[in-house]
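The structure under discussion appears below in the form of structure tokens.
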Amino acid sequence: MERCRMVLAGSGGQGVITAAIILAEAAVLHENLEATQTQTYGPEARGGATRADVIVSDAPIRFPKVVRANVLVCLTQQAYTKFCSIVRPGGLLLTDSLHVQVESAVDARQVQLPLFHEVVEQTGTPLALNICTLGAVLGLTDLINPDSVRKVLKTRVPTNFLQVNLQALELGLRLGRKHMR
């Protein structure tokens, strides 16, 4: 597999760090891949800028921070404005169509999906936006098998939130795969 350097960016409370942890765990525990996950966030409990880096590879990873992303996910305008320039030429820039107004032309495949709108409409809550987003990334990239993420969700997510998260993962997969057609 080619090394994938991913940045998930948004605001505190959206779960981008949790999504990154789940992705890295799924890659290591169930795909026999190498992965690193790092994070940065503002001092606010909710609403501050949040960034999570994930590198997935079949070879050793020597530096855990993403400098140029193959995949960049921006869930807020602030994240898009701050990070859109770090996507690699030919990479993927995924944004939420409700919260991000695409302003800059980047040398990457730009995909806008109604992630927030769809997850609220389909699950009744925005709490699983992160998992819906992770599903969309998998649907757009085939980075790892979604079954690996399902297995990690069953160990990481509280039982009373598991069904909504599994539903959000399926929704994201459908949105990503539909866009690929």
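Hey, which lysines would be in cross-link range of LYS65, C-alpha to C-alpha under 22 Å, not counting anything within fewer than 8 residues on its own chain?
By straight Cα distance, LYS65 reaches LYS82.
When the Cα atoms of the chain are enclosed in a convex hull and the volume is divided per residue, what value in Å³ results?
108
Which peptide among 149-155, 2-8 comes first, and what is the full order, when sorted by highest mean count of other Cβ atoms within 10 Å?
Peptide ranking by packing, descending: 2-8, 149-155.
At a Cα cut-off below 17 Å, give the aspartates and glutamates reachable from LYS151, other chains included and same-chain residues fewer than 8 away excluded.
GLU25, GLU31, ASP142, GLU170
Computed from the coordinates by the stated procedures, all read-outs in this text should not be read as laboratory data. These numbers come from a predicted model, not from an experiment. All Cβ positions, even for glycine, are placed from backbone atoms using ideal geometry, and neighbour counts span all protein chains on display.
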